[in-house]
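Taking it in order: structure first as structure tokens, then the write-up.
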Amino acid sequence: HSWPPFIMDEGSVPVAEDPGRRRRVHGMLKLYYGLNEEGKAPEQPESLDPCDINGPHFDPELYLNKLRRECSLTELMDQETCMVRQIRSLDSDMQTLVYENYNKFISATDTIRKMKNDFKKMEDEMDCLSANMAAITEFSARISGTLQDQHAQITKLSGVHTLLRKLQFLFELPARLNKCLELQAYAQAVNTHRRARCVLQQYSHLPSFKGIQDDCHAIMDKLAQELRQKFRDGGSSAKDLSECVELLLQLDEPAEELCDKFLSHARSRLESDLQGLEAEIRPYPSTSATKDASVHGLSSTTAPGSPADGSPKNSSLPSPASNTDILEFIDRGCNEFVSSLCLVITSYQELFINHAQKGELASKNIPQMANGKLHVFVDDLAARYFMLVERRIQEEKGVGDNSLLVRALDRFHRRLQAVAKLLPGSAVPNKGTEIVIRAATERVKQYLSALQSFYMDSLTDVRQALATPRLSVAGTSVAGPASGRDAPTSLPELLSSLSASILNQIKSVLASVHLFTAKDITFSNKPYFKGEFCSQGVRESLVVSFIKFVCQSSRQFCETAGDKGGSTPPALLLLLSRLCLDYETSTISYILTLTDEQFLVQHHSPVTPVTTLCAEAREAAQKLLNHYVKVQGLIISQMLRKSVETRDWVNTIEPRNVRAVMKRVVEDTTSIDVQVGLLYEEGVRKAHSSDSSKRTFSVYSSSRQQARYAASYTPSAPMDTNLLSNIHKLFSERIDIFSSVEFNKVSVMTGIIKISLKTFLECVRLRTFGRYGLQQIQVDCHYLQMYLWRFVSDENLVHFLLDEIVGSAAHRCLDPAPMEQSVIEVICERG
Amino acid sequence: MEDDAPVIYGLEFQARALTAQTAETDAVRFLVGTQSLKFDNQIHIIDFDDENNIINKNVLLHQAGEIWHIGASPADKAVLTTCYNKSESHCLLLSVAPFAASLCSSFFSSDSRVVSCAAVWRMPSDWETGSHESPDESAHNPQTLELLCHLDDSTHGNAACVLWEPMGDGKRVISLADNHALLWDLQESSTQATVSSTATLEGKGQLKFTSGKWSPHHNCSQLATANDTAIRGWDLRTMSQIYCIENAHGQLVRDLDFNPNRQYYLASCGDDCKVKFWDVRSVQEPVKTLEEHSHWVWSVRYNHSHDQLVLTASSDSRLILSNMVSISSEPFGHLVDDEELSEGEELHQEDKGKEPLKDSVVSTYEEHEDSVYAAEWSSADPWLFASLSYDGRLVINRVPRALKYRILL
């Protein structure tokens, strides 16, 4: 291979060779020189093989031997041709590369030659420049050398200038402050002074500055004075005021004093509000009129028929109207007092607590101090406010409309929540709640007393109603016992209207009280109103107390009337007894269920069970009925007793008819029977014998009488005389005269008749009779016998007592000659 | 217990009047007066032998009339007073045949009259010895009471009761007649009686004393009377009213008794079935009221020694013994002097003191079949009492032992 042809044939480089082939050639060259594209030596382990023709450790000798050993001739031939071909292509590739490099070398040589020329020129210019620069440096040094002094002077001057300006500010400060004072630009004044204060303080040892400082102090004092004055005047708005306070604080005014002043200022305003409120409570006479009217309103709703009630009271109605109602009062209290209180609290907190916490004042414990003062202040004023509210609430005695009070209390309570939010940890909202609770319990009490007075009023009405038709009953009773039923207000009607009106009243009261627990009322979700108010307040102290009151007042009728013997009309006793019995059977459980349902009472504390109340009602009913029996028995007894006591039984004429008293007794008994029959069931009685009314007294007819009175004086056998009557008594049951009766007509009538006849007996025993006296008693007793047996449960009882009466009369007779039974019957039937 | 069983004695007549023989403090002795219109009335002297549990009786005739009230002298065992009814035309009527009676009815009615009288009597001195010899014989031939004097003043009406001066010398009695209270001085061994002073109850209507009681307190200068529903107190020195309990009972007041130990305490009973206890210094309200009887209460008696024991008799045929501790003179039980107690007893005593003593009904006695009009404590034995019912049955009872020991110990 020879080099020259490569150089010679520079222009005949094959242009059309494809890039792929060139790339490959490059790659191969690179491989050959052990370079990869990054210029690193490739580590190729396979290239260690000495038979690899492309490897670096290729050993031609080994390779040739190997070929010769392994391959056939043809293969060798092929190998040889292939290798020749490869060698040829390698040669051409090398040739191409040599051409390319040669060209580049030529152009590079040209460029270097040109650069050589250019650098020479540049070197000359650089020499020139350095010469010039040296000249400039020299000049510059000379100039700055000359200007040095002047520059120092100027710096000094400018320093003096700024100092002078500051001094000027200080000297002008008093005047400026004065001007601010004149213009009332207090904020600016304080700001200005604050800036100068430190400096003045620092240089206060210099007399001139001292003078300025004194002047400033004087002015600032004046300003503080003015601010304080402004603060004290109180005419300014809250915003002004707070600004004022802020400035004063900045002036190092003692915070405590300011708090006090602020609060006392606020207090004066709040107190005027309170006084306004108080003035509304003042008019006492008109409120008492309200009370009258409202109490009256309650009663007149139930008794609209009474015209006498309405007219005279109307005159007093306008005066309560002029007085504000409770809602207005509370509204005013909320709007004036509570809202200004809130305002005071906010601004106070803004000024003394929040603000102070940021500033340097926080270190002085001012927030705590201020907070304490605020609490005391709020508590104090709120206490006064509460006092007023409570006084006002106490005046609210009318129980007509509860919604007004509830709304008022709700508003009152709601507004206090604002205070609670502003002032966490304050006792005020709790106290407010307490007031609401007190008001509620007070209200419940009022309702109870209203219910009670309503009950007593209804009883009075019933009494009147009983008194008026009673006359007509008495007048018509001759016509027949049934006339009692025709009376316009009969007992059952009275009873039903009484119990209905009481029930209605209870329901309306419950409805009114229910307002306290309505969902939209803020305080209704307080635990008190959820629990205790329902169970202890409404159920126990209202409903249960009322039922107890009914029972108790009923019992009182028995006790007070007992001594006078008739201050309570017997019919009322009967009616009340039935009322109590009805209560026992149904009404009490109805009312309590109603209450429990309405108030969803969850009883945490033990409550009076229905059974206790029922037992109490039953006891009252029993007592009333017993008392009724006693009173009615007494009335008849009294008649009988008078008739026995006032007559001269020794010197009386032969009986020709039944004494009028006996007829009266029978009549009265009949009318009592009718009366009791209206309210109580018949009851059971023993079967009558067919001829009950015809029964004759064993005393007269049998020989027993003979044995009784014919017994001679036989002292040896002292028991003989009374043997028969004693034996008779042994076999009859002992009779309890004033005993408890059952709740039915027969038992009641039996009780009354027992009492009457026993009285008759005792009175007879205290008298002495002549023959006709005895006979009259016989006639009377027979008459009673004819009519009374039908009323009692056991007619034998009547027989026994009448026997006793006649027997005793016979005993007490000077001349016991009984009348013929047939004559007695004739007389009695004649009437 | 056997000896706690009541002892019953039957009289042959009806009877209302009963008293203990006040002057007798050794024997248990009661006097009963009978009521009979047709036969001679009697006074039965009932002796009770506590040990043998038997009754000895003696009968004295009281021919003047039927006895409504009887009182024994506190000084002389043999002297007693009675209030009795006499029918003035009685003898005459008895002589007329029953057939004729109807014929002469006009005559009968115009002449017959029943009058109440009072008299002081002396028992014959040998009534006791006679009875012991032959009880049967003495019963057949009873001795008659010796009349000492009449306590009658025709202007003053019918006598209701006669009261002896309590614990007195038997010289002074008070009789209540209609609306008058008469204080008598008995002179010359009680054979003469003169009215020393009188008090008259005035008012509208016919006022009539029903019963009364001479107070043992205040030097026996006070008297309490009952008329209708009112109780009045009188000062015997001036014979003027000192207090008045209007409407003390709802109906007629039947009887009164003074607490023997508490001078202002008074018990009353009446037709309203109640027994009431009063403090006469404040008469607006009774101190206590008992309502145990089911009919009129006719008699109330404090035990003479233990005033918590109160006996009441009623026409419901019952006798009730109540223990009214709370208003007695020993509200905390029997007070024993401290030095008498040993330490152990002292503790015991304290325990007893702490337990509340409650008023209670001790016992209800149902031995009577008819109305019980009278009950009396024995003057000799404080634990014994007698009650008398209209049918003539006298029952002697004892305070239950348990209670007796509780009071004593």
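The values are calculated or read from the model by the stated rules, or taken from the named source; none is laboratory data. All of these numbers come straight from a predicted model, not from anything done at the bench. Quick reminder, even Gly has a Cβ in these numbers, built from the backbone with ideal geometry, and neighbours come from all protein chains shown. The protein model used for the area step is the full one, side chains on, heavy atoms only, and it has no ligands, DNA or RNA in it. Shrake-Rupley method; radii C 1.70, N 1.55, O 1.52, S 1.80 Å.
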Which residues, counting only those in the range B:35-86, are over 22 Å from residue B:381 (Cβ atoms) and in a loop (DSSP other than H, G, I, E, B)? B:36, B:37, B:38, B:39, B:40, B:63, B:64, B:65
Kindly evaluate residue A:708 against the criterion of being surrounded by 18 or more Cβ atoms within 10 Å (Cβ to Cβ), part of a loop (DSSP other than H, G, I, E, B) and either at pLDDT 85 or above or away from chain B (no Cβ under 11 Å) (or both). no
Going by what's in this entry, would residue B:236 be described as away from chain A (no Cβ under 14 Å) and touching a Cys at 6+ places or on another chain (Cβ under 8 Å)? yes
Can you report the number of residues in the range B:1-48 which are open to solvent by 10 Å² or more (accessible area, probe 1.4 Å), of a type in the set (A, V, I, L, M) and within 14 Å of chain A (Cβ to nearest Cβ)? 2
Taking the residues in the range A:438-461 that are open to solvent by 10 Å² or more (accessible area, probe 1.4 Å) and β-branched (Val, Ile, Thr) as candidates, determine which candidate is farthest from the chain's Cα centre (by Cα). A:460
Would you list the strands (runs of 3 or more DSSP E) that sit entirely within the range B:179-238 and hold 3 or more residues that are within 27 Å of residue B:285 (Cβ to Cβ)? B:211-214, B:222-227, B:230-235
Does the range B:125-141 include one or more residues that are away from chain A (no Cβ under 14 Å) and modelled with pLDDT of 70 or more? yes
Give the residue that is modelled with the lowest pLDDT, with candidates limited to residues of the range B:284-300 that are away from every other protein chain (no Cβ under 13 Å) and either open to solvent by less than 30 Å² (accessible area, probe 1.4 Å) or at positive phi (or both). B:290
Of (1) over 60 Å from the mean Cα position of the chain (by Cα); (2) over 30 Å from residue B:85 (Cβ atoms); (3) open to solvent by 10 Å² or more (accessible area, probe 1.4 Å), residue A:793 fails just (1)
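Being open to solvent by 10 Å² or more (accessible area, probe 1.4 Å) and assigned to a helix (DSSP H, G or I) is the filter here, so list the residues in the range A:513-530 that pass it.
Hits for the range A:513-530 are A:514, A:515, A:517, A:522, A:524, A:525, A:527, A:528, A:530.
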Restricting attention to the range B:220-270, report how many residues are open to solvent by 30 Å² or more (accessible area, probe 1.4 Å) and β-branched (Val, Ile, Thr). 2
Please determine whether any residue of the range A:817-828 is more than 14 Å from chain B (Cβ to nearest Cβ), closer than 15 Å to residue A:644 by Cβ and either open to solvent by less than 30 Å² (accessible area, probe 1.4 Å) or at pLDDT 85 or above (or both). no
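Is it fair to say residue A:756 is within 14 Å of another protein chain (Cβ to nearest Cβ), among the hydroxyl-bearing types (Ser, Thr, Tyr) and assigned to a helix (DSSP H, G or I)?
The answer is yes for residue A:756.
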Are any residues in the range A:346-373 open to solvent by 70 Å² or more (accessible area, probe 1.4 Å) and modelled with pLDDT of 70 or more, and if so, which ones? A:350, A:368
Taking the range A:719-742 and keeping residues open to solvent by 30 Å² or more (accessible area, probe 1.4 Å), more than 10 Å from chain B (Cβ to nearest Cβ) and either touching a Cys at 6+ places or on another chain (Cβ under 8 Å) or modelled with pLDDT of 70 or more (or both) leaves A:742
Condition first: under 25 Å from residue B:213 (Cα atoms), modelled with pLDDT of 85 or more and in a loop (DSSP other than H, G, I, E, B). Can you find one or more residues in the range B:12-22 that meet it? yes
Report yes if residue A:668 is more than 14 Å from chain B (Cβ to nearest Cβ), open to solvent by 20 Å² or more (accessible area, probe 1.4 Å) and without any contact (Cβ under 8 Å) to a residue 40 or more places away in the chain, otherwise no. yes
Report yes if residue A:783 is farther than 30 Å from residue A:575 by Cα, more than 14 Å from every other protein chain (Cβ to nearest Cβ) and aromatic (Phe, Trp, Tyr), otherwise no. yes
Look through the range A:643-660, keep the residues that are buried (at least 16 other Cβ atoms within 10 Å of the Cβ) and in a helix (DSSP H, G or I), and return whichever of them is farthest from the other protein chains (Cβ to nearest Cβ). A:643
Residue A:278: passes all of (1) charged (D, E, K, R); (2) within 45 Å of the chain's Cα centre (by Cα); (3) modelled with pLDDT under 70 but (3)
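Condition check ((1) at pLDDT below 90; (2) open to solvent by 20 Å² or more (accessible area, probe 1.4 Å); (3) more than 20 Å from residue B:8 (Cα to Cα); (4) more than 14 Å from chain A (Cβ to nearest Cβ)) across all residues:
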{"position": "B:303", "(1), (2), (3), (4)": "no, no, yes, yes"}
{"position": "B:312", "(1), (2), (3), (4)": "no, no, no, yes"}
{"position": "B:328", "(1), (2), (3), (4)": "yes, no, yes, yes"}
{"position": "B:341", "(1), (2), (3), (4)": "yes, yes, yes, yes"}
{"position": "B:349", "(1), (2), (3), (4)": "yes, yes, yes, yes"}
For the range A:762-773, what are the residues that are in a helix (DSSP H, G or I), more than 8 Å from chain B (Cβ to nearest Cβ) and crowded, with 23+ Cβ neighbours inside 10 Å? A:764, A:773
Going through the range A:531-551 in order, the residues found to be under 20 Å from residue A:461 (Cα atoms) and crowded, with 20+ Cβ neighbours inside 10 Å are A:546, A:547, A:550, A:551
